[in-house]
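Note sheet for the following structure.
Read-outs throughout are calculated quantities, based only on the coordinates presented, and are distinct from any laboratory measurement. This is a predicted model, so every value here is computed, not measured. Neighbour counts are summed over all protein chains in view; Cβ atoms, including those assigned to glycine, are modelled from backbone coordinates with ideal geometry.
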Amino acid sequence: MDQPHVQRKSRRAFLQTTGAATAMLMLPSSGDGAEQPGINRVPELAGAIGVVSASFSSQFSARSKERKFTLLELPKILRDELDMRVIDLNTSSVPKFASVDHKYLDSLRSAADKAGCVITNLKMNQRGLDMNSPNKAVRVKALTEYKRSIDIAAQLGCRWSRPLPQKEKPDLAIHVESYKELCDYGAERKVQLLVENFGWMQADSDSVVNLIKSIGSNVAAGVDTGNWNSNELRDEGLKKSFPLAATCDFKAKAMGPNGEHPLYDLKRCFDIAWDSGFRGPWSLEHGNPNTKTLMRELGLLREMLRKWTAERNVERTGERSDEE
């Protein structure tokens, strides 16, 4: 069930804590300054940085080498220890998601609201669901579970949700038809569906754009900077996908002690996004079973994004601080 009073409080708290930074930023738009039609971008999330909850999968389980905590504790930790406020939620992070009750969901939304955080997205990562199956019963089962998940996303106040792309390329006619059904269902609940470059889509730099165009309405890109099969595909895919992006998984793999990232160029990923008109939210996706190391590395990524954003705003406005 929806809780309007909680939603108003959460929005107000978020605006109070991010308003100054947001005011300095351009609204998300295409590279020529015109917002792409149908993309559910949120002005108060421009410049906002947070985490994909799966980054803490070790800390939510017995795999952590030291400190552990729960999803309900995450909002306060995110706010107090990392100075971030956006939570991009993965179904695998929610205990017993298949049978999760409304009381727990209300508690999670309340914890986020109390900490001044916002839950933006629900990644529907349930395994074994196939909304692309030629078998109608299999397809209906998947769509039914995804619709239940969209209801949960709405209860948590999420703006977006996305189904899990499969490893093998699907029958696109069935895939698009199923996506449209979910998009229509989400629209009634003010949840926009996302297309993420994962699975079969990672090998095709046009996959995100083509699928969004085929679906047509209530759909946007949820771009993952890491999920491409080569650096060449990454470059092409990011340039094509970011103009249609509502949110971004800013993914980092193994990092050096000072934030070095040899696998691919994080700054280039940011620059491509910025040049396309994308301004956030940025959801950091980076895990480490050593909690102390993880928190330090997430802090390094946060500061990279803040520094790069400040530099690009200086370029845009010509404004410099007294120190400069």
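Being more than 19 Å from Gly277 (Cβ to Cβ), among the polar types (S, T, N, Q) and in contact with a Ser or Thr (Cβ under 9 Å, 6 or more places away or on another chain) is the requirement here; does Ser230 meet it? In short, no.
Filtered by the rule that a residue be closer than 12 Å to Ala153 by Cα, touching a helix residue (DSSP H, G or I) at 6+ places or on another chain (Cβ under 6 Å) and either charged (D, E, K, R) or assigned to a helix (DSSP H, G or I) (or both), the range 75-96 gives a lone residue, Thr91.
Can you name the residue in the range 239-277 that is of a type in the set (Asp, Glu) and out of contact with any strand residue (DSSP E or B) (no Cβ under 9 Å at 6 or more places or on another chain) and is also surrounded by the fewest Cβ atoms within 10 Å (Cβ to Cβ) among such residues? Give the derivation first.
Start the filter on the range 239-277 by keeping residues that are of a type in the set (Asp, Glu), which leaves 249, 260, 265, 271, 275.
In the following step, the residues that additionally are out of contact with any strand residue (DSSP E or B) (no Cβ under 9 Å at 6 or more places or on another chain) were identified as 260, 265, 271, 275.
On the way: Glu260: 10, Asp265: 15, Asp271: 14, Asp275: 14.
Across the range 239-277, the extreme among qualifying residues is Glu260.
Mind listing whichever residues of the range 55-65 are over 19 Å from Leu300 (Cβ atoms) and either touching a residue at least 60 places away in the same chain (Cβ under 8 Å) or in contact with a helix residue (DSSP H, G or I) (Cβ under 9 Å, 6 or more places away or on another chain) (or both)? Of everything in the range 55-65, those that are over 19 Å from Leu300 (Cβ atoms) and either touching a residue at least 60 places away in the same chain (Cβ under 8 Å) or in contact with a helix residue (DSSP H, G or I) (Cβ under 9 Å, 6 or more places away or on another chain) (or both) turn out to be Ser57, Phe60, Arg63, Ser64, Lys65.
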